[in-house]
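Read through the structure below, which is laid out as structure tokens, and then see the notes.
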Amino acid sequence: MSSGYRQNLPTVTLLSRDDFRRRALNELNNVYGEQQGEALLRRLLALIDEHPIASTAAPPDTLWDQRSQVLICYGDNLLADAANHEVPLQALASFLDNHLANTFSSVHILPFFPWSSDDGFSVVHYRDINPDLGDWDDIHRIARRYQLMADLVVNHISRESLWFTDYLAGSQPGRDYFIELPKDTDVSMVTRPRASPLLTPVYTRRGKRYVWATFSKDQIDLNYANPDVLLEMMGILINYLQQGVRLIRLDAVAYLWKELGTACVHLPQTHALVRLMRAIVDYLTPGALIITETNVPHQENLSYFGDLEKRQAPEANMVYQFTLPPLLVHTLTSGDATPLSQWAASLPDLPADCTFFNFTASHDGIGVRALEGLLPQHDIDQMLELMKRFGGYISMKANPDGTDSPYEINITYFDAMKGTRGGEDAWQIIRFLCSQSIMLGLQGIPGVYFHSLTGTTNDYANVSRNGGLRAINRKKWRTQELNDQLAAVTPTRFVFKAMTQLLGKRRQEPCFHPSSPQQVLDFGEGIFAFQRGPLDDGRLLLAIHNVTRHPINVRLPEQFTRREWRELMGHLHLKDGCFELKPYYSAWLVSEGNDGA
């Protein structure tokens, strides 16, 4: 195996207390002004000193490498059978040990706290484990084997929380933790991800009041203009680090700071608070990562890396690549890779401590806002209609002019690949696997949703039980049911085996180091192709994907024909730089770089 990628390695920086003080004070001053900044810094330092993080492990040498692969799952994706007396988190740990050992480096367990709605994203208690899932010992068992990724739901909290109970009663500390406005306040400029009213009525000891609720009437936004709220949440962040969490996912962070008269999204104060959280993580747990979840248009999403030119203060280590899921759906249902190639070629070079978090499916739907400015509206509309034909739903958001527009597609990614614009066909499994091999090969760290491993189809019964459209993609497997599917000749077994093989090949290939260079290649509209590398030793990888339902004869460009190539997938006959690529097949070609090319 190649010695790997060494240029511009993402090394772990140890942050001194003085450096932390400087970075933290700068961001606190940016948000709250110099008069409050010093006092808040003292309170933050006291909070840190009161809750030391006990760790005997040395910081890692590097932030990530080609073995960095994340499994995304719910704590109860697997429901244990009554006979084995396991709680869901124990069933998950057993499944990881029995079926996915050495496949993933990290596991993202979606909110595992007590909650009241939105399958966990309306948190009641941030420091407790939902007893229906297990307890902290069960979380720690997984955290000892894998880097644990967890959600810091920073924007809002459940209306059933103690803080909101305080607000309703007019008691401290929660009395001033929320944003209360007159009913007739003009909030038309506020960017909305939902169609529900922004101001939701609640009944308090002081009478009927209206509070800010970006996502739902059960998810009440926190008021970060009150620095006590910030310190409460930073205490929760520190607690997560104490519990072994090493990837902090900042849920819905784009909406954190509110200021009437603005869109209330991506405000400078929000970016400053992300930089503050990055400083806390760098200081307390070197090597831990901040990842921002911002389902917004592409350029807005990239802003959470911070200023890539000046790079005065680091922000997120990773951002979700929200453009990739819908753009891949468009590509593989239209048979035209041109928009995908153009977008991938436009991706910026990143600092050593930043990379993309690539994914196709998640617990949410397939967001479509990220396509704004990348696809003509008629192509987006055509894709939406096709997804409805394949059994999906379309969720809407409210616009400032009072209209609604599509926000996301609710469908499993496997069923999004049922066919093309011509209708359903026999290529669903291979088309789906093509989408996954593209995602796995791109520069960045891949996140694989549990239901992408199992080729799960649309779960309409779950929608009926849950009442939310996103439930279509949140099936809960019975452990025995899934084991039976994996033991028999089923699509689930085929997809699971193919996915684990792809992930195994990726983690062994140095060219897939997240920081390895990437260059998009032009093989025509029916092919999406890119190269990874070259590495320091000359090793190079070509990733070539047929995005059509027809076989394509591929001829490597002249600059590549002087090399000797080995195909990692094991299904190509390569002769004189030429080969046939079957419909929706992918090729990972590797050259050791020993020919002087």
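The values are calculated or read from the model by the stated rules, or taken from the named source; none is laboratory data. These numbers come from a predicted model, not from an experiment. As a convention, Cβ positions derive from the backbone with ideal geometry for all residues, glycine included, and neighbour counts pool all protein chains shown. Quick note on the areas: whole protein, heavy atoms, side chains included, nothing else; ligands and nucleic acids left out. Shrake-Rupley method; radii C 1.70, N 1.55, O 1.52, S 1.80 Å.
Taking Lys and Arg as +1 and Asp and Glu as -1, the other residues whose beta-carbon sits under 10 Å from that of Gly75 total -3.
Highest first, please rank the peptides 185-192, 461-468, 284-291, 363-370 by the mean number of other Cβ atoms sitting within 10 Å of their residues.
On the way: 185-192: 15.5, 461-468: 13.1, 284-291: 21.8, 363-370: 23.2.
Result, highest mean first: 363-370, 284-291, 185-192, 461-468.
In this structure the chain gives 39 Å² per residue of accessible area when probed at 1.4 Å with all protein chains present.
Close amide H partners of Phe178, meaning residues 5 or more places away or on another chain with modelled amide H under 5 Å apart, are Asn223.
When peptides 164-173, 20-29 are sorted by average Cβ neighbour count within 10 Å, with the highest value leading, the order is 20-29, 164-173. Highest average first, the peptides 524-536, 95-107 ordered by how many other beta carbon atoms sit within 10 Å of their residues are 524-536, 95-107. Could you tell me which of rounded, prolate or oblate describes the stretch 477-522, using a ≥ b ≥ c as the square roots of the eigenvalues of the alpha-carbon gyration tensor, with rounded for a/c under 1.5 and, failing that, prolate when a/b is larger than b/c and oblate otherwise? Prolate, since a/c reaches 1.5 and a/b exceeds b/c. Taking all Cα pairs closer than 8 Å and separated by 6 or more residues, the relative contact order of the chain comes to 15 percent.
Axis angle, to the nearest 10 degrees, between helix 377-389 and the longest C-alpha principal axis of the chain: 90 degrees. Computed from the C-beta positions of Lys575 and Arg144, the FRET efficiency with R₀ = 56 Å rounds to 0.70. From the alpha carbon centroid of the stretch 443-467 to that of the stretch 337-415 is 16 Å. Other residues lying with their Cβ under 13 Å from the Cβ of Gly402 contribute a combined charge of -1, Lys and Arg counting +1, Asp and Glu -1.
Taking the centroid of alpha carbons for each part, the stretch 496-519 and the stretch 174-240 are 42 Å apart.
Taking the Cα-to-Cβ direction at Ser171 and at Thr262 and moving 7 Å from each Cα, how far apart do the two end points lie in nm? Result for the modelled spin labels: 3.5 nm. Using a probe radius of 1.4 angstrom, the carbon and sulfur fraction of the accessible surface of the stretch 51-158 is 48%. Among the trypsin sites (Lys or Arg not before Pro) found in the stretch 156-265, those both in a DSSP coil and sparsely packed, with 13 or fewer other Cβ atoms within 10 Å of their Cβ, are Lys183, Arg205, Arg206.
Other residues within the sphere of radius under 14 Å centred on the Cβ of Arg205, judged by their own Cβ, net out at +2 (K and R +1, D and E -1).
In sequence order, the stretch 120-134 has phi-based couplings of x, 8, 10, 7, 8, 10, 6, 9, 10, 9, 4, x, 5, 9, x Hz under the Karplus curve 6.51 cos²θ - 1.76 cosθ + 1.60, θ = phi - 60°, and Gly or Pro positions carry x.
Using a probe of 1.4 Å, the accessible surface attributed to Glu558 totals some 140 Å² when neighbouring protein chains are kept in position.
First check a/c for the stretch 40-161, with a ≥ b ≥ c the square roots of the eigenvalues of its C-alpha gyration tensor; if it is under 1.5, answer rounded, and if not, answer prolate when a/b is larger than b/c or oblate otherwise. Intermediate values should be presented prior to the final figure.
Details: a/c = 1.91, a/b = 1.14, b/c = 1.67.
The shape class here is oblate.
Derived scalar couplings between HN and Hα for the stretch 229-235 equal 5, 4, 5, 4, 6, 5, x Hz in order, rounded to whole Hz, by the Karplus curve 6.51 cos²θ - 1.76 cosθ + 1.60 (θ = phi - 60°), x for Gly and Pro. Taking a ≥ b ≥ c as the square roots of the eigenvalues of the alpha carbon gyration tensor, the stretch 76-226 is prolate, as a/c is not under 1.5 and a/b beats b/c. For Lys476, a cut-off of 18 angstrom between C-alpha atoms picks up these aspartates and glutamates, skipping any fewer than 8 places away in its own chain: Asp76, Asp81, Glu86, Asp118, Asp119, Asp132, Asp364, Asp415, Asp459, Asp484. Its relative contact order, with pairs defined as Cα atoms under 8 Å and 6+ residues apart, puts the stretch 467-549 at 17 percent.
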